[in-house]
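K.L.:
Quick one: the structure is below, and I'll ask about it shortly.
The values are calculated or read from the model by the stated rules, or taken from the named source; none is laboratory data. Note that the coordinates shown come from a computational prediction; the quantities given were computed from them, not determined experimentally. Neighbour counts run over all protein chains shown; Cβ positions are idealised from the backbone, glycine included. These accessible areas exclude ligands, DNA and RNA; they are computed on the full protein's heavy atoms, side chains included. Shrake-Rupley method; radii C 1.70, N 1.55, O 1.52, S 1.80 Å.
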Amino acid sequence: MDSARRPCLISVCLSVLAATCLPCSGSPGPSLWGKKVVFMGRHCVWQLDKGCVVPPLEELSVCVHLHREIATSEWTGFVYKAPGERQVELGLAGRGGFLVAWLFGHQWSVPEDLPLKCWHNVCLTWSSHSERLRLYINGSSCLDAHVNATLPRRLAHNGTLTLGVSHNIVGGVMEFENGKNFLGAISLFRMWGHERTAEELRAQSCIIGNVVRWDNNDWDYQICLPEDDTNIQCGAFPNVTASPPTVTNTSPGSPTSTNTSDPVTPTETQQPPLGLPVSPTGLSTTKEPSDLNSTGTGIASTFYRVQMKLNMTMTVTGSDPGETIQTWVQRKLGEVRMNALHFQIFKSTYKDNDKKETQRLEMAAELRNQKRFRCTFHVQDADARNVMTTQRLINDLLSRIHFGGEIQVDSRDVHVSHIDPGSCPEDTHESIRGVYIWPIKDAQKTETMICEKNSGARASRKCELDGVTEKAKWADPNLKACKPMITISDLDNVTVTANNSADVVDMIEDLLGVEGDLSDSQLATVVQKLDEVLGVSTVTPALGEDIVSIIADILGSSSNLSLVANDILGITGSVGDQMDFPEESQNVTVPSLALSMINVDPEQFQGLTFGVSSFSTGLAPEIFVNQTFLTQPCDGTVASISLPRALQNFFPEGNKKKRVQFHFYGTQELFKVMTYEDPEINWTLNSYVVSASVNNSNVSNLGNPVVVTLTHLKPKEKNDKVECVYWEFQKNNGSGGWDSNGCETLPSISAYQTTCHCYHLTHFGVLLDVSRTPISEADQETLMVISYLGCGVSSIFLGISLLTYMVFEKLRRDYPSKILINLSVALLGLNLVFLMDSWLSSFGFYSLCITTAAMLHYFLLASFTWMGLEAVHMYFSLVKVFNVYIPSYILKFCTLGWGIPLVVVSLVLVIEKDAYGNVLSGDSLDSLQGSEPFCWIQSKVFFYITIVAFVLLVLVFNMVVFIMVLIQIRHMQTNNPAATVNKRSVMHDLRAVASLTFLLGLTWPIAFFTWGPARVPMLHLFSVLNSLQGFFIFVFHCLMKENVRKQWRIHLCCGRLRLNDYSDWSRSMTMGGRTKQNHLVHRFPSVKSVNTSSRKISDDSTTASGSSSPPYHQWA
């Protein structure tokens, strides 16, 4: 019974697998190849059709062609989101000159900005097995990043995908985010359910997707119809159907092979146009499974070498002719189940003995204007036809006039030769993931085996046709899915010999990819084993590059390198000294690290200059070497070091090779020891590190200096101190440290570079004095809590103050109260927008962020404007004596108080709306926001002009008025014989000063003193006082004012606390309600008039009933 049920069960499983792996549409709809979608600011929406369901992929590849027309600071290529989620599951975007790849809500940026007015093929690949995310632009690798194992292992199932714009699903409806739209054209979006290699992406760029395809059935669009474009790289193609991946039958403990059935040859006889897409591995032009690189054990493929000449009657402009010809060859051979390998194209005029002319010129610019070409490639015939028949078939397929005469091939110019590559022999491969014995395999076939440690996964290895020897050879095995059998600690038990040294290096490289950050003991083990490898091995360029790559991986980790800094520097130096290479020079560049070795002739030595012309963190530096001594660095260099001619006196004698080597370290992690000179001064490394050395020689006391020029990582400010230093290996008990003996720091002519003169060779850097106390993460968190808590408290009490003055009409009859109401509104708006800023910026809406930043800017300026108007009114009332009536006094104040900020913000929006944007605290001048995104002014010019200058002007004016008021109050006390100085009077004075301080914003100047050792305490004081400004206004102008308390008791209290008799209040307010001309009339500039004026303003803002205190206390 079980045997009877098993075939049914297998059939069901295969059906489910096929349904899951098939492309979105069961059969292709009308093709979109040769068509593009134009996004030029209009409402244009292209989204994945609901019938196209993306399965939960464990690995994937995505390619899309982009054509940017208009430069924007941010744009969106495509976005895929999980159902109901806001974070980007998978996406591609551009931001400020960087290309951004999204995966599982995390982003990786590379400093690449796609040039305008041309097509770019951008591909993303990811695999949960390799845990790598890779980005390719036009076939070139731009990103190879490790993906944290804690992230999801599968792409979300049945998500939503849009082109050219991001989106969110709100209430079941798709809403689109504006402000980051793509402005240009998009074409050929395809997705595959496997990770494609770099070679596949370059050699087979025009193949259809097996998850999402570029045809009508997979896409939903209404308004923006696709448009034809003959400049698209891959053109158009007839209907083809992608088949599901092949199914493997395996038995535990033994190698496994994938069996595929032979497909039916397509019956399509119509001559397809240029650019037919090639079916990818595992896909067929019929509904039967097919794989030209079959892993099966059936009929072996036959192979041929093809050499041919061709003419292109039209000049290929704006595209690569090699790509066009290769696409045409692949399409023609694909019609009969053949595949082209190792495609190379040359100019037709080459000479056999001219090496330069026989170089591969596929991507060279001079090839674009050629019309006659020679190309060579190999052909794999999966059907293994008769050799003579196949040769004639290949000749017939290629020797025709194609595509309206654009490509012409004469049959006499096609030469087809049969080759026999043989088979790959049995091979035993040892690695950290186990021992695998690979059996004999035919060329271009792949063998799979069960992983030793995790039997549910598979290892694979391909027997490849070598493009040079034309023999079968094993490629490196793909063991990414297999778990390691050993750990780094197990390397202590491995004895390094000359025979296994390369394997040990491979093991270390693999283990670093698994382990990530290393402990001190693990790091010591790795360094020891690398040192042992160098002690027993001949360092070939390949082995040297592997060792340098391991060092680069260690430098890029978060491991503690202080204990092994000298050892690592010694290893890189040994690699340069021992590397055996036939040429005059050899360069090794890996991410964040570069070595350059030059074998020199002492008699012809005129000096050497090494430099780094370009470098970005995480990428390999671009280096150059000049055979002369340069006293001035080349423009734009990141680092350079020039060796004088006098160095020839230090070359070793005898027959030993004379070698000079240079190193560049694009990381600071190795040189963190800061014990340098005065321990009270806080130094930090402010440059990358370069070094130079001569093999078997200690260079010191040179007659002429070595010139070292280093670019600052942080621009030098006016009073900053910089120091040229070198790495002294003996410092800090042999751990190494910085020293400046023998180095001279030249006067700085730029804030961005420092030039040093040193009289010995070692590792050089530039230190910066950062004694200005930096803000720690703990202090940032404290400041952020204080700011948010203070603003929240202020918002509550500002609301109470406003409610009090708005409800009780008698409180707002005078001018000071009306000005106070406007100031409270401005401060309340400032606090509320500040509290919501980070939350609003998290939505990622461009227009919302600009609006938020503009509102925050507006309320900040309005707050300071009303503080200034408070000072103006105070000056008119207490200092200036005049008898002029000002009509519409408050209306004029409101026009200034709310109008001036509106004009300033409007001008910023008109001049450059992108001055507002999403910034981090490190990019802004606000240290109180932690590292959260914050919508604020991102242009320093506008920040200093519209905020710093404006606020400084208001504060200076307020300070002057404040001093004048205090002087006036003092005169009033002196001229009033009845005034007695007692404890109560002193308290009233202090209360008046405190009240005026917060009312005029005189706590804000503390910001200008947040530097030096007192920076952190001053920032805490600034945060407390200014975030609670609204609370202090409530205390001094509500809680401590007698007339406000009377109103509360009259209207809000009951029982014995209720106040019924408020005739004194009515009498005190009578003066404020008589005639308008009495408000600002002062008749005589005498002490009496000043007292009268003061009393008048005091009565306007407070109550005089039952109070014997001086009038200026009433104001306060």
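K.L.:
For region 450-496, give me each residue that is surrounded by 15 or more Cβ atoms within 10 Å (Cβ to Cβ), under 38 Å from the mean Cα position of the chain (by Cα) and of a type in the set (Asp, Glu).
P.N.:
Matches in region 450-496: GLU464 only.
K.L.:
Filter region 106-118 for residues that are free of Cβ contacts under 8 Å to residues at least 40 places away in the same chain and surrounded by fewer than 16 Cβ atoms within 10 Å (Cβ to Cβ); which is nearest to THR160 (Cα to Cα)? Step through it out loud before you land on a result.
P.N.:
First, pick out the residues of region 106-118 that are free of Cβ contacts under 8 Å to residues at least 40 places away in the same chain: 107-109, 112-113.
Of the ones still in play, those that are also surrounded by fewer than 16 Cβ atoms within 10 Å (Cβ to Cβ) are 107, 113.
Numbers: GLN107: 19, ASP113: 27 Å.
Filtering first and then ranking leaves GLN107.
K.L.:
A further question follows. Yes or no: GLU85 at pLDDT 90 or above and open to solvent by 10 Å² or more (accessible area, probe 1.4 Å)? Give the derivation first.
P.N.:
Details: at pLDDT 90 or above: no; open to solvent by 10 Å² or more (accessible area, probe 1.4 Å): yes.
No.
K.L.:
I would also like to ask the following. Any residue at all in region 515-522 that's open to solvent by 60 Å² or more (accessible area, probe 1.4 Å), at pLDDT 85 or above, of a type in the set (Ser, Thr, Tyr) and out of contact with any helix residue (DSSP H, G or I) (no Cβ under 8 Å at 6 or more places or on another chain)?
P.N.:
There is no residue in region 515-522 that is open to solvent by 60 Å² or more (accessible area, probe 1.4 Å), at pLDDT 85 or above, of a type in the set (Ser, Thr, Tyr) and out of contact with any helix residue (DSSP H, G or I) (no Cβ under 8 Å at 6 or more places or on another chain).
K.L.:
Taking THR609 as meeting all but one of (1) outside any loop (DSSP other than H, G, I, E, B); (2) open to solvent by 50 Å² or more (accessible area, probe 1.4 Å), write down the number of the exception.
P.N.:
Against the list (1) outside any loop (DSSP other than H, G, I, E, B); (2) open to solvent by 50 Å² or more (accessible area, probe 1.4 Å), THR609 comes up short only on (2).
K.L.:
Looking at region 174-197, which of its residues are open to solvent by 20 Å² or more (accessible area, probe 1.4 Å), touching a residue at least 60 places away in the same chain (Cβ under 8 Å) and assigned to a strand (DSSP E or B)?
P.N.:
MET174, PHE176
K.L.:
For region 989-1043, enumerate the residues that are over 22 Å from VAL954 (Cα atoms), assigned to a helix (DSSP H, G or I) and open to solvent by 40 Å² or more (accessible area, probe 1.4 Å).
P.N.:
ASP989, LEU990, ARG991, PRO1013, ALA1014, ARG1015, PRO1017, HIS1020, LEU1039, GLU1042
K.L.:
So, of the residues in region 414-438 that are closer than 23 Å to LYS483 by Cβ and assigned to a loop (DSSP other than H, G, I, E, B), which turns out to be most open to solvent (accessible area, probe 1.4 Å)?
P.N.:
Initially, region 414-438 is screened for residues closer than 23 Å to LYS483 by Cβ, giving 427-438.
The next check asks that each one be assigned to a loop (DSSP other than H, G, I, E, B); those that pass are 432-433.
Numbers: ILE432: 1, ARG433: 34 Å².
Only one residue tops the list, namely ARG433.
K.L.:
Same structure again: Restricting to region 726-760, and then to whatever is part of a strand (DSSP E or B) and either more than 19 Å from THR631 (Cα to Cα) or in contact with a helix residue (DSSP H, G or I) (Cβ under 9 Å, 6 or more places away or on another chain) (or both), can you tell me which residue is most open to solvent (accessible area, probe 1.4 Å)?
P.N.:
Per the stated criteria, the residue is GLU728.
K.L.:
For region 883-912, name all the residues that are within 20 Å of LEU860 (Cα to Cα) and assigned to a loop (DSSP other than H, G, I, E, B).
P.N.:
GLU912
K.L.:
Moving on. Scan region 777-785 and give yes if some residue there is over 30 Å from THR709 (Cβ atoms), at pLDDT 90 or above and in a helix (DSSP H, G or I), otherwise no. Don't jump to the end; show me each part of the working.
P.N.:
Just the residues of region 777-785 that are over 30 Å from THR709 (Cβ atoms), to begin with: 777-785.
Cutting the leftovers down to at pLDDT 90 or above gives us 785.
Retained after the next criterion (residues that are in a helix (DSSP H, G or I)): 785.
Yes; the residues of region 777-785 include at least one that is over 30 Å from THR709 (Cβ atoms), at pLDDT 90 or above and in a helix (DSSP H, G or I).
K.L.:
The conditions are (1) part of a helix (DSSP H, G or I); (2) modelled with pLDDT under 90; (3) surrounded by 15 or more Cβ atoms within 10 Å (Cβ to Cβ), and PHE864 fails exactly one of them. Which is it?
P.N.:
The one condition PHE864 does not meet is (2).
K.L.:
Can you tell me which of (1) under 19 Å from ILE432 (Cα atoms); (2) of a type outside the set (Asp, Glu); (3) open to solvent by less than 10 Å² (accessible area, probe 1.4 Å); (4) modelled with pLDDT of 90 or more is the one SER501 doesn't meet?
P.N.:
With respect to (1) under 19 Å from ILE432 (Cα atoms); (2) of a type outside the set (Asp, Glu); (3) open to solvent by less than 10 Å² (accessible area, probe 1.4 Å); (4) modelled with pLDDT of 90 or more, SER501 is out only on (4).
K.L.:
If you don't mind, another one. Got a sec? Which of VAL588, VAL564 is at pLDDT 90 or above, within 33 Å of the chain's Cα centre (by Cα) and farther than 14 Å from SER693 by Cβ?
P.N.:
Working: VAL564 fails: at pLDDT 90 or above.
After applying the criteria, what remains is VAL588.
K.L.:
Where residues in region 636-670 are part of a helix (DSSP H, G or I) and over 20 Å from GLU603 (Cβ atoms), which of them is least open to solvent (accessible area, probe 1.4 Å)?
P.N.:
Out of the qualifying residues, it is LEU670.
K.L.:
Another one. Just checking, which of GLU470, GLU447, GLU426 is at pLDDT 85 or above and at positive phi? Lay out the reasoning, then the answer.
P.N.:
On the way: GLU447 fails: at positive phi; GLU426 fails: at positive phi.
None of the other options fit; the residue is GLU470.
K.L.:
Residues that are modelled with pLDDT under 90, open to solvent by 20 Å² or more (accessible area, probe 1.4 Å) and among the small types (Gly, Ala, Ser): does region 198-220 have at least one?
P.N.:
yes
K.L.:
Looking only at region 556-582, which residues are open to solvent by 10 Å² or more (accessible area, probe 1.4 Å), in contact (Cβ under 8 Å) with a residue 24 or more places away in the chain and not hydroxyl-bearing (Ser, Thr, Tyr)?
P.N.:
Listed by number, the residues that qualify are GLY556, ASN560, LEU563, VAL564, ASN566, ASP567, GLY570, GLY573, ASP577, GLN578, ASP580, PHE581.
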